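Worksheet for the structure shown next.
Bear in mind that the values in this text are calculations on the coordinates, not laboratory data. Computed from a prediction, not measured in an experiment: that's the story for all the values here. Here Cβ is always computed from backbone atoms with ideal geometry, including for glycine, and neighbour counts include all displayed protein chains.
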Amino acid sequence: MEEDEEVTDEQVSTDKQDENNYQLVLPSGSVVGHRSLMRYYRQKLRPDRQLVVKTSSSVSHVMAQYKALGWTGTTGQLAQKRAKDLTHFRRLNNKSHMLLGVKANKLQTHFRDQVFGY
């Protein structure tokens, strides 16, 4: 150390610590955290990013209840068409999944005995 620098050891009061002793607020205002919490301190959160779209709380609450009951917002022929389209989509999805399994089964170059033991 150089001689012209003054070293001042200040005692940090314990009221600046949090209740779990995982972080400490220094007199300069800096926050020193525990090394086990390093992954959280390294995160760079953007304040402009919204995780939830803000809507009217009463309207969104009622809509959530309707959706929980299975209300789709459509009635009559439009609801029947939508249900038919969903059934068709699920059928196509199941068929493509089955075809993928068949193709993967063809890649097996040798067969294993299905009986375990002698």
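Through the Karplus equation 6.51 cos²θ - 1.76 cosθ + 1.60, θ set to phi - 60°, convert the phi angles of the stretch 92-105 into ³J(HN,Hα) values in whole Hz; use x for Gly and Pro.
Running phi through 6.51 cos²θ - 1.76 cosθ + 1.60 with θ = phi - 60° gives 5, 5, 5, 5, 5, 5, 5, 5, 5, x, 5, 5, 5, 5 Hz.
For a quick protection proxy, order the peptides 37-46, 62-71 by their average other-Cβ count within 10 Å, most packed first.
62-71, 37-46
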